[in-house]
Amino acid sequence: MEYVHTILAQIAASNATAAESLLNELEAHRAVASTMRGYNGMRVSRTAHPEGNVLLVVETRWANNNAMVDYSTARENAFSIVEKHQDILVPGSLQTHRLESNSGGESGEAPNRMYDRLALALFVPVGVLAFALVVIYGMSRIYLALPTTGASIMAICVALGILLISAYFATNPSVPRWQWLAVAVAGIGALAVGGTVAAVYDEDNKEVHAAPTVEPSPGGGAETPTAPGALVIDMTDNKFDVTELTVTAATEVVIQLKNSGAAIHNVDVAVGGSFPSGICKKGDAGCSDPANIRAGQSGTVTLNLAPGTYDYRCDFHPVEMTGTITAQ
Ligand SMILES: [Cu+2]
């Protein structure tokens with residue numbers, strides 16, 4: 001919505017040349033008007049064919065009604081300038097109109113309008129992309145740190161929140177700028193806090209899991225995870241060194257895991273016959289502990305299987321890294 005202050009006047013054909021000084025004054029006035037609050041542009045037009053009376057139209061456009069009212073009551077405005085030249089006007093032809101315009105100013109006259117468009121074309125996509133990357137990274141850190149149920153509940157809450165906020169903005173087209181900013185700041189803040197908490201939680205977990213791998217295994221001497229007879233799966237990018245394993249059925253079996261690659265890996269055994277969608281979570285049956293084993297880290301997977309054959313895979317590389325475990 002834009003507000004247009006319009007002056008209409010007719011200049012008698014005989015005075016067409018005298019009209020030049022009026023037009024010059026209006027041009028000079030443009031600089032004055034452009035310093036006023038809410039100024040969106042000014043246009044002076046006159047009829048193209050000089051024979052007969054000349055119709056003069058002066059439009060000034062304003063961002064809001066208050067700005068237009070301020071202008072139309074100002075000591076100097078387009079009306080007062082044209083009025084000073086009554087002598088060259090057709091008597092009774094001077095009119096003023098205050099209009100609301102629905103076209104948001106398509107004339108492209110004001111240079112800042114040009115800038116607004118460029119900014120929209122450049123900064124918005126780049127900003128959206130950066131924001132999306134931050135969201136994806138932050139959310140993945142948070143979800144990975146949560147147990148399966150917690151992650152599901154949180155994902156539902158986040159999705160509902162996004163829907164509600166989107167619905168609010170969609171049904172309120174004239175939402176003030178501070179509300180947009182508040183939502184953006186709150187969203188980024190929540191991500192930053194959640195991501196940091198998740199990263200810290202992850203670090204704590206790492207320490208907890210690192211401990212058992214250096215401890216001597218109970219009962220035996222100072223056996224290391226690579227002792228003969230121990231069940232070990234070594235992971236590289238992107239390969240399991242062992243793709244067929246046999247374990248004792250109906251007994252708790254701990255398989256030592258080592259990530260000798262550079263990428264993140266895990267071991268997910270389809271103990272229930274199928275894999276979860278996505279990455280298994282710490283505490284899930286058949287999921288390695290930790291569920292994400294980073295480069296150089298170790299972990300375990302604890303199984304207690306009924307007799308049968310079970311598929312296992314790396315959830316991060318489910319096509320390249322697969323194997324089977326037979327329990328007997
Ligand atoms: Cu992998």
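Only one of these conditions is not met by residue 54: (1) out of contact with any Lys or Arg (no Cβ under 6 Å at 6 or more places or on another chain); (2) crowded, with 16+ Cβ neighbours inside 10 Å; (3) aliphatic (A, V, I, L, M); (4) farther than 29 Å from residue 114 by Cα. Which number is it?
(1)
Please work out if residue 129 is modelled with pLDDT of 90 or more, in the same structural domain as residue 187 (by TED's automatic domain parsing) and surrounded by fewer than 12 Cβ atoms within 10 Å (Cβ to Cβ). Break it down stepwise before answering.
Working: modelled with pLDDT of 90 or more: yes; in the same structural domain as residue 187 (by TED's automatic domain parsing): yes; surrounded by fewer than 12 Cβ atoms within 10 Å (Cβ to Cβ): yes.
Spelling it out, residue 129 is indeed modelled with pLDDT of 90 or more, in the same structural domain as residue 187 (by TED's automatic domain parsing) and surrounded by fewer than 12 Cβ atoms within 10 Å (Cβ to Cβ).
Taking the options 287, 314, name whichever one is crowded, with 21+ Cβ neighbours inside 10 Å and away from the ligand (no atom under 12 Å from the Cβ). Working first, answer last.
Numbers: 314 fails: away from the ligand (no atom under 12 Å from the Cβ).
Going through 287, 314 in turn, the sole match is 287.
Among the residues of the range 191-200, is any more than 16 Å from the ligand (Cβ to nearest atom), part of a helix (DSSP H, G or I), within 22 Å of residue 294 (Cβ to Cβ) and modelled with pLDDT under 75?
Looking through the range 191-200, at least one residue is more than 16 Å from the ligand (Cβ to nearest atom), part of a helix (DSSP H, G or I), within 22 Å of residue 294 (Cβ to Cβ) and modelled with pLDDT under 75.
For the range 290-320, enumerate the residues that are outside any loop (DSSP other than H, G, I, E, B) and either within 37 Å of the chain's Cα centre (by Cα) or farther than 20 Å from residue 277 by Cβ (or both). Can you show your working first?
Keep residues of the range 290-320 that are outside any loop (DSSP other than H, G, I, E, B), which gives 293, 298-303, 308-313.
Hits for the range 290-320 are 293, 298, 299, 300, 302, 303, 308, 309, 312, 313.
With the structure loaded, tell me whether residue 60 is surrounded by fewer than 14 Cβ atoms within 10 Å (Cβ to Cβ) and within 30 Å of residue 174 (Cα to Cα) or whether it fails that test.
no
I'd like to know if the range 11-34 contains one or more residues that are loosely packed, with under 11 Cβ neighbours inside 10 Å and within 39 Å of the chain's Cα centre (by Cα).
no
Does residue 74 satisfy the condition of being in a helix (DSSP H, G or I), touching a helix residue (DSSP H, G or I) at 6+ places or on another chain (Cβ under 9 Å) and closer than 30 Å to residue 116 by Cα? Break it down stepwise before answering.
Details: in a helix (DSSP H, G or I): no; touching a helix residue (DSSP H, G or I) at 6+ places or on another chain (Cβ under 9 Å): yes; closer than 30 Å to residue 116 by Cα: yes.
Spelling it out, it is not the case that residue 74 is in a helix (DSSP H, G or I), touching a helix residue (DSSP H, G or I) at 6+ places or on another chain (Cβ under 9 Å) and closer than 30 Å to residue 116 by Cα.
Among what's in the range 298-311 and is among the aliphatic types (A, V, I, L, M) and more than 16 Å from the ligand (Cβ to nearest atom), pick the residue that is surrounded by the most Cβ atoms within 10 Å (Cβ to Cβ). Please lay out each step first, then the result.
Just the residues of the range 298-311 that are among the aliphatic types (A, V, I, L, M), to begin with: 301, 303, 305-306.
With more than 16 Å from the ligand (Cβ to nearest atom) added as a condition, the list becomes 303, 305-306.
Details: 303: 24, 305: 22, 306: 9.
Checking each candidate, the answer is 303.
Taking residue 173 and the conditions (1) in a helix (DSSP H, G or I); (2) farther than 22 Å from residue 293 by Cβ, which numbered condition does it fall short on, given that it satisfies the others?
The single condition residue 173 does not satisfy is (1).
Quick one: in the range 35-45, which of the residues that are in contact with a helix residue (DSSP H, G or I) (Cβ under 8 Å, 6 or more places away or on another chain) and under 20 Å from residue 21 (Cβ atoms) is surrounded by the most Cβ atoms within 10 Å (Cβ to Cβ)?
Our first condition is that a residue be in contact with a helix residue (DSSP H, G or I) (Cβ under 8 Å, 6 or more places away or on another chain); within the range 35-45, this holds for 36-42, 44.
If we keep only those that are under 20 Å from residue 21 (Cβ atoms) as well, we get 42, 44.
Working: 42: 21, 44: 17.
Top of the filtered list is 42.
The values are calculated or read from the model by the stated rules, or taken from the named source; none is laboratory data. Everything quoted here is computed from the prediction, not taken from an experiment. All Cβ positions, even for glycine, are placed from backbone atoms using ideal geometry, and neighbour counts span all protein chains on display.
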